[in-house]
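One structure below.
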Amino acid sequence: MLKSTIPNLQSLKRPATTGRVRRFGPSSISKAAPPERAALLPAAPTTNVAPPAELVYVGLTASLHRPHEPTRNRLVALNPTVFHHPIRRDILHLCVNHYRDSLRQGSANTKTRGEVRGSGRKIRPQKGSGRARLGDAQSPMLRGGGVAFGPKPRDFSTKLPRKVIQMGMRVALSSKMLEHNLGVMKTMDWPSGKTKHLSHKIDSLGLKNTLFITGEEEVPIMLQRAIRNIPLTGLTTSKDVNVYEMLKWSRVMLDAKAVEFFERTLGKTHSIVDVVSSGSL
């Protein structure tokens, strides 16, 4: 009776498998394909080669002292790593705040009760008058007394990494380029210091409310004398300009040396020619 209730032991055994048994772990990893099959597979794309960047083109603007210079069909090729950078509003916000913090004078000053002139005599006795307790006349509770937590001279300037500032310049130049508010002229020389002639020239070119940026070490003297009395016009050098001024002016005009300066200081380490040549190998 007991033997009939016990199942057949032969039915509990693992059925025989044909071939290799599949196991978990490192042994379950499939082996490499045979050489003849691997030759038919497509080659994996390489990730160490950057895609070739496209140049940015802008029309050449006539120079200030050469109105008849032919510039209709002349284009200027600009470095896309400088003039076609992705727009980052957060980087512009950091750069503008960093610049405006450095402009704060920070000279607000108030006197504490220890700095206010006067005697340290107690105004009235501690007890017996029925009124509130008071010390000397320089108490912050009294008129003419010191200030409890007033401002003191301090430095409001903040720190910002150099690479963030450089990225802000790239974003500012790229935003002007995207808005079609960036121009390039060959040179910014001006032979005369007369404001009248330069003002007529700027009006004829439609360059009102424009910031002129030159790549020279110093601003040309004649141009500075002629342009400083013209409203809605600014003049600076490429090494002195900042992100705040770039965004403040509605239009920016560069000369050839300023373009070379920005591409040399803000451009990436690899050039476009190097990327194209490395991608073709």
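The values are calculated or read from the model by the stated rules, or taken from the named source; none is laboratory data. Since we're looking at a predicted model, the values are computed, not measured. Every residue, glycine as well, gets a Cβ built from its backbone with ideal geometry; the counts of neighbours run over all protein chains shown. Quick note on the areas: whole protein, heavy atoms, side chains included, nothing else; ligands and nucleic acids left out. Shrake-Rupley method; radii C 1.70, N 1.55, O 1.52, S 1.80 Å.
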Förster radius 25 Å - calculated FRET efficiency between Arg264 and Lys159, Cβ distance, rounded to 0.05: 0.50
Spin-label model distance (nm) - Ser107 vs Asn229, 7 Å beyond Cα toward Cβ: 3.0 nm
Interchain or long-range residues, amide H under 5 Å from Arg251's placed H: Leu211
Sparse-neighbour loop sites [trypsin sites (Lys or Arg not before Pro); segment 154-192; at most 16 other C-beta within 10 Å; DSSP]: Arg154, Lys159
Sequence-distant lysines (8 or more away, or on other chains) whose Cα lies within less than 16 Å of Lys239: Lys163, Lys257
Chain lengthening between Leu75 and Tyr57 when straightened (0.36 nm per residue, less Cα-Cα): 5.9 nm
Solvent-accessible area of Met253 with every protein chain in place, 1.4 Å probe, in Å² to the nearest 10: 10 Å²
